[in-house]
Every structure is written in C-alpha cells, then in structure tokens.
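Every read-out reported here was derived from the displayed coordinates using simple, explicitly stated rules and does not represent laboratory data. What you are looking at is a predicted structure, and each value in this text was computed from that prediction instead of being measured. Reconstructed Cβ throughout: ideal geometry from the backbone, glycine too, with neighbour counts over all protein chains shown.
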Amino acid sequence: MKRLAVFASGTGSNFLALVEAVKEGRLNASIHLLVCDRPGAPVIEKAKHAGIETFVAAPKTFHSKADYEGSILKVLAEKGIDVLILAGYMRLVGSTLLEAYPSKIINIHPSLLPEFTGLDAIKRAYESGTKKTGVTVHLVDEGMDTGPVLAQETLPILSDETLEELETRMHALEHELFPRAIQAFLEPSL
Ligand code: GRF
C-alpha cells in the first residue's frame, strides 16, 4: 500500500475528504503526514484530530527554498513516503521535491485547466461569464497548475446561482473526484 503525505496551506476540506476516503476504503493508501507551510492554518488541527502527524514549517524561516524543501524531504524519507498530494498547498513546488518525487506529486485545482490557473480560479471563472467550469487533478511540474492531467470533471455554471453556491458545488465535486483520481493513479485498472 502506498504511503502518502498531504501538503496543505489552509482550511483542509480536501485533506479531510482524503482521510475519509482512506477510512472508507475508497482510497487504498495510507496518509502518514500533513505538511503545512502556514503555522496556525485550520488544516493542522484537523490533522491532529485525525491522528495524523504534522510537519509545520514557514518557508521564510529558512535561508532558501532548497533549505525549506530539504527539511521536508528529510521527514518524508524518515516516514518512507511514496507519493505527495497537494490539497490546497499555495506554493510552487521547487526542484528539491520535484527531483526526489518525479511524476509522484499530485495537485487539485478548481478549474478546467489550462483555463484559470492560479489564485481565485472559481471566482474568475464565475465572473468571466463562461457557462462551465470544473475540477482538474494533475501531476505537478515546475509550472503553476501545469503538468499532465490525470482527471478532469466539468460543472455547468447555473444562470441563477451565486458565487457562494457555485463554490459549494465545486468543493463537493473536489471532495469526490480527488480520492477517486488518486486511487486510479495508484492502481490503474487494466
Ligand atoms: C481547493 O479549492 C483546491 O482545489 C485549491 O485550494 C482549495 C483548498 O481548499 N487548490 P481546502 O483547504 O481543501 O478546503
């Protein structure tokens, strides 16, 4: 069974969805670590509550990105982590982690990539007047929300819905798609 580390910076609803999916057997893997770059982020308490170890480190307390990622790499190695899952990790992954985990870092992004990369993707899609948006799960490379797509699902934007309503539906789709896409990546069916 593959050993996962989840990286997150904020609320952690996708982190929790993954924890639930493991518990319910929809994701055949084990989560051994939460890596968080924002001390005080709500996801840290969620991990503690779920009994998952946390590694919290603010990048600005390190001399360089390589030092920051090197400190993470040490913990990943100690725990024998196979695959890294970015679940709202608001930071570009650098060469230290990319070289240590080639094609083994997975991200979720709330848009139909390559549309609306970066921050506030749901809001920007909503305000653009497009009739549809969606969720993408992809492998991470050195770019922002680039890298090969593993799974993508479309969500129509309803003519009478508010941004908040769309956000709620988007997060529900994320929580369902993310574990399913990771499971398919780990154990592709023939
Ligand atoms: C999600 O919308 C995810 O797609 C994006 O950041 C958000 C994180 O939300 N990358 P949460 O912390 O999982 O609730």
Q | Whichever residue in the range 1-55 is near the ligand (Cβ under 9 Å from one of its atoms) and in contact with a Ser or Thr (Cβ under 8 Å, 6 or more places away or on another chain) and, among such residues, is nearest to Pro179 (Cα to Cα) | A | Val43
Q. Got at least one residue in the range 35-45 being in contact with a Leu (Cβ under 9 Å, 6 or more places away or on another chain), under 23 Å from Met144 (Cα atoms) and part of a strand (DSSP E or B)?
A. yes
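Condition check ((1) over 16 Å from the mean Cα position of the chain (by Cα); (2) surrounded by fewer than 20 Cβ atoms within 10 Å (Cβ to Cβ)) across all residues:
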| site | (1), (2) |
| --- | --- |
| Arg38 | no, yes |
| Lys48 | yes, yes |
| Lys60 | yes, yes |
| Leu84 | no, no |
| Leu97 | no, no |
Q) Within the set of pairs 6 or more residues apart or between chains, which connect a residue that is within 13 Å of Leu34 (Cβ to Cβ) and in a strand (DSSP E or B) inside the range 1-18 to a residue that is among the small types (Gly, Ala, Ser) and more than 10 Å from the ligand (Cβ to nearest atom) with Cβ atoms less than 9 Å apart? A) Leu4/Ala29; Leu4/Ser30; Val6/Ala47; Ala8/Ala47
Q. Can you tell me which of Gly70, Gly118, Gly80 is within 16 Å of the ligand (Cβ to nearest atom), touching a residue at least 12 places away in the same chain (Cβ under 8 Å), small (Gly, Ala, Ser) and surrounded by fewer than 21 Cβ atoms within 10 Å (Cβ to Cβ)?
A. Gly118
Q.
Which condition from (1) farther than 23 Å from His109 by Cα; (2) more than 16 Å from the ligand (Cβ to nearest atom) is the one that Leu97 breaks?
A. (1)
Q. When the residues of the range 95-151 are filtered to those that are in a loop (DSSP other than H, G, I, E, B) and among the polar types (S, T, N, Q), which remaining residue is farthest from Arg3 (Cα to Cα)?
A. Thr130
**Q.** the range 142-190: number of residues that are polar (S, T, N, Q), exposed (fewer than 14 other Cβ atoms within 10 Å of the Cβ) and either within 13 Å of the ligand (Cβ to nearest atom) or more than 21 Å from Asn28 (Cβ to Cβ) (or both)
**A.** 4
Q. Using beta carbons and a limit of 8 Å, which pairs, at least six apart or on different chains, have the first residue in the range 89-111 and closer than 18 Å to Arg38 by Cβ and the second one among the basic types (Lys, Arg) and in a helix (DSSP H, G or I)?
A. Gly94/Lys65
